[in-house]
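Nothing in this text is a laboratory measurement; each read-out follows from the coordinates by a stated rule. Treat the numbers as computed from the prediction; the structure is a model and nothing was measured. Using ideal geometry, Cβ is built from the backbone for each residue, glycine included, and neighbour counts are taken over all protein chains shown.
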DNA sequence: GCAATAGTGTCTCTAAGACAGTATCAC
DNA sequence: GTGATACTGTCTTAGAGACACTATTGC
């Protein structure tokens, strides 16, 4: 029996991150069915006939956020396949995806009437999620932290147009550090293909208006954005 | 039908890399069954009852190389789930793993009498593999290239004890570049936790004997090993 | 001695970090 | 004007790269 090939069902679970009010937030849903009915969980869904898992994830992402998935950053985190991770039969194996979205209004009273909402990652990590979603969330956030250094995904947290101050806030919130404003400004404006100035300006409550930028073509950030070494109390959260 | 939950079988496929005679090589097997009978493919196997996919991969790795999987580097690359990737029913979805091994003798005439053998990655990429294994191989090699910069996995290509010249060869072969010997030496010996001197020396054919090192505790290489920008004709191979 | 590889010293230059100083807004 | 934020200039310093030089072997 234990040597037999397993037949499993596959799901794609989403860790959709955004920044709201200076806090890293994740989209969670309240489960309406067993198992773990009433508990918070990551959104996700089953693989369907004609699609691959990336398409499953993109479909779910669109359903949950109301935004075309092509406009958001979406990448695999990993596969979670422990035999005991889901009590259902046949075995349920999931592929976790990291999605990054700007601060957008959810379709709360939408057609599905899903109880999807943004919750601060820190809060969710202490209250706990269903299944092994705590582990998935930790892994996805750690992946996002690492990718910020070498790839240009930080712009995915911002809207189409954004200021350098908003981009800096992305790094500061996700890494839990404070960065030097002048140096950050020089660094990102000089990184080739990272930012494209739109020419527009955004008035600020009090102060000089900030120039607006759009995301450039580059996917890789060269040279990388170095993460400060000293100010890193985030390590303690790791596995 | 297309909206129905799919039931699938899961496999773990392995991209086992090593360096032989100054060439990056991958372990391939000749398929003995349909589909793709007689074609070359990556080794892999089905998920079994009591195990998760990481354990499936570790078991296969041990079977193919004859080495305890804990001694080798093993990590997920990604999930490949296109509906047409495997003609069998039920659908076969695979999770690809990257494994890194020192140049070791294969159990060729072993119990299983598997036709496993090392083949240069460049040759395999031009002759082609079964299924979507060409894509998997490209992704795994690209992952290895990227990870070399920031993690200490290069030591996994070496034996227990190795010289700095051997370690430098790992970088040069995988990146397809030549690195400055003195600068490389200083860089890796000063990186905290990367190398531990054993005190031993290895005589060389012609020249001063090289000091021997073992892999240190660090997983992250800080500061990272920067990959030369100019000498990179490898990009053209990408997807 | 010569050839070959291992390893060190030193100079240059780029880029990161610190931080003073300037620009442009609301009031 | 003050206060706030955006942005620029400049100095310092760490580290990458180039490369001359020394060290230790086989012959």
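Counting only other chains, and only Cβ atoms inside 10 Å, what mean value do you get across the residues of A:6-16?
Working: counts 10, 6, 9, 4, 9, 1, 2, 0, 0, 0, 0.
Mean partner-chain Cβ count within 10 Å for A:6-16: 4.
Please compute the length gained on full extension between residue B:160 and residue B:218, using 0.36 nm multiplied by the number of residues separating them and subtracting their Cα-Cα distance. Could the numbers behind the result be given before it?
Details: separation 58, 0.36 × 58 = 20.88 nm, distance 1.56 nm.
Working it through step by step, the gained length comes to 19.3 nm.
If N is the number of residues in the protein assembly as shown, what value comes out of its Cα radius of gyration divided by 2.2 N^0.38 Å? Could you put the intermediate results ahead of the total?
Details: Rg = 23.9 Å, N = 478, 2.2 N^0.38 = 22.9 Å.
My calculation over the Cα atoms of the protein assembly as shown gives 1.04.
Here the gap between residue B:89 and residue B:190, fully extended at 0.36 nm per residue and compared with their Cα-Cα distance, gives a gain of 31.0 nm. Rounded to the nearest 0.05, what FRET efficiency do residue B:82 and residue A:3 have when you use their Cβ-Cβ distance and R0 = 25 Å? Efficiency for this residue pair is about 0.35.
DSSP beta bridges confined to the protein assembly as shown are antiparallel in about 75 percent of cases. Across identical copies of the chain, residue B:122 has label-point separations of 5.3 nm, listed in ascending order, with the point defined 7 angstrom from Cα along Cα→Cβ. Which whole-number percent gives the relative contact order of chain A, counting Cα pairs below 8 Å spaced six or more residues apart? About 19 percent, as a whole number. For chain A, a Gaussian network of Cα nodes joined below 10 Å ranks A:98, A:61, A:179 by mean-square fluctuation, and the top entry is A:179. Take every Cα pair under 8 Å whose residues are at least 6 apart in sequence, average their separation, divide by the length of the range A:127-235, and the relative contact order is 31 percent.
Take residue B:204, push a point 7 Å out from Cα through the beta-carbon direction, and compare it with the same point in every other copy: 5.6 nm, smallest first. For helix B:164-175, what angle does its Cα long axis make with the longest principal axis of chain B, in degrees from 0 to 90 and rounded to 10? That works out to roughly 40 degrees. Dividing the summed -39500 (n - 2.57) terms of all DSSP H runs of n ≥ 4 by the residue count of chain A sets its mean residue ellipticity at 222 nm at -8000 deg cm²/dmol. Rounded to the nearest 10 degrees, the angle from helix A:181-190 to the longest Cα principal axis of chain A is 80 degrees. In plain terms, the residue of B:158, B:95 with the fewest other Cβ atoms within 10 Å comes first and the most crowded comes last, giving B:158, B:95.
Label point of residue A:103 (7 Å along Cα→beta-carbon): distances to the other copies' equivalent points are 5.7 nm, sorted ascending. By how many degrees, 0 to 90 and rounded to 10, does the Cα axis of helix A:53-65 deviate from the longest principal axis of chain A? Its long axis makes an angle of about 70 degrees.
Out of the DSSP beta bridges found with both residues in the range A:9-146, what percent are antiparallel (nearest 5)? Before the final figure, lay out the partial values.
Details: 20 of 29 bridges.
Close to 70 percent.
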